[in-house]
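All of the numbers you see were taken from the coordinates with simple rules; none came from a lab. Values in this document were obtained by computation on a predicted structure and should not be read as measured data. Quick reminder, even Gly has a Cβ in these numbers, built from the backbone with ideal geometry, and neighbours come from all protein chains shown.
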Amino acid sequence: MEKLTEQEFWRNYWLRHPVLYQPISRNYIFGDVFQKIYRLAPFRSALELGGFPGFYALYLKKYLQIEQVALLDYFIDHPLMEDLWKRNGLSIKEVEVIHADFFDFTPQKRYDLVFSVGLVEHFSDTLNILEQHTKFLAARGCLMIAIPNFRGLNGWIQKTFDRENYNRHYIPCMSKTHLQTAAEALGLQVLHCDYYKVFSLWLEKEPPKPWYVRVMVKALWLSGKVLSKLIPLKSKYFSPYIVLIARK
């Protein structure tokens, strides 16, 4: 299985994005997904894989008051995490931080919820990476996977104007059928697999893009937002993410 990113990439990425370390609101992206899972199957423990700096682990503590929350990543910067959690009125001591590569890590406990956001698409073997998630999952526990969708307009933007970033992603996994088939092959019961949100697109700030590209993307974004209000339909052409929820 090929890893499409390396540790140094993530180190540089997170150190270049201090603007992300802000207070997190109740309507933070994917917050509604966690609330849906909690209503479906209330959980007392959760593990976020590839989760630095802990936006979603923090969300679970701050808004759902989950008792045991853990985060595992092979890149950890404690000062950045402490700053983020402090800005949200919490202490980093309220989360178990596991500094490890989950491929090599043997879990000491199992969790009611295991999830990742923006992780699976950086590996070329979806079945293998989902299996790595399940080794942390308790019996009857829930798995949640969220990945971007680069098979529509947003993917065209990435491929045309930021090929380097596009190539860090395994595009074949960005399919509802692909994700669901992989989950079912592992014996999981798929509860939900669908596009998430109606429309969005973006470009990474690094490397800097020409002004005309930024203007074009902004114009497309504004037009898409207006149209998505008029026609609020999720699709592979415009929806920015795919979310899978499955039970062991």
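Observations, loosely collected:
- Charge dipole of the chain about the Cα centre (unit charges at C-beta), most positive-ward option of Leu188, Gly31, Phe52: Gly31
- At an R0 of 35 angstrom, the distance between the Cβ atoms of Glu206 and His178 translates into a FRET efficiency of 0.75.
- Selection among Thr177, Gln158, Gly141 by position relative to the dipole of segment 131-214 gives Gln158 as farthest towards the positive end (Cβ unit charges, Cα centre).
- Exposure proxy shown here: for Thr177, Thr134, the number of other Cβ atoms within 10 Å sets the order, fewest to most, as Thr177, Thr134.
- Across the chain, C-alpha contacts under 8 Å between residues 6 or more apart give a mean separation that, scaled by the residue count, equals a relative contact order of 19 percent.
- Lysine pair count for segment 104-235 [Cα-Cα under 14 Å; pairs on different chains or 8 or more apart]: 9
- For the peptides 206-216, 158-168, the ranking by packing is 158-168, 206-216, with the highest mean count of neighbouring Cβ atoms within 10 Å listed first.
- Listed options for Cα extents along the principal axes in Å are (i) 63, 41, 33; (ii) 51, 40, 37; (iii) 67, 44, 28. The value calculated from this structure is the one marked (ii).
- Leu220 versus Gln35: modelled label distance in nm, points set 7 Å from Cα along the beta carbon direction: 3.1
- Inter-probe distance in nm under a simple model that places probes 7 Å from Cα toward Cβ, at Gln22 and Tyr237: 3.2
- Taking the DSSP bridge list for the chain and keeping only pairs wholly inside it, about 45 percent are antiparallel.
- Equivalent ellipsoid, segment 91-214 (semi-axes from 5 times Cα gyration tensor eigenvalues, Å): 30, 19, 13
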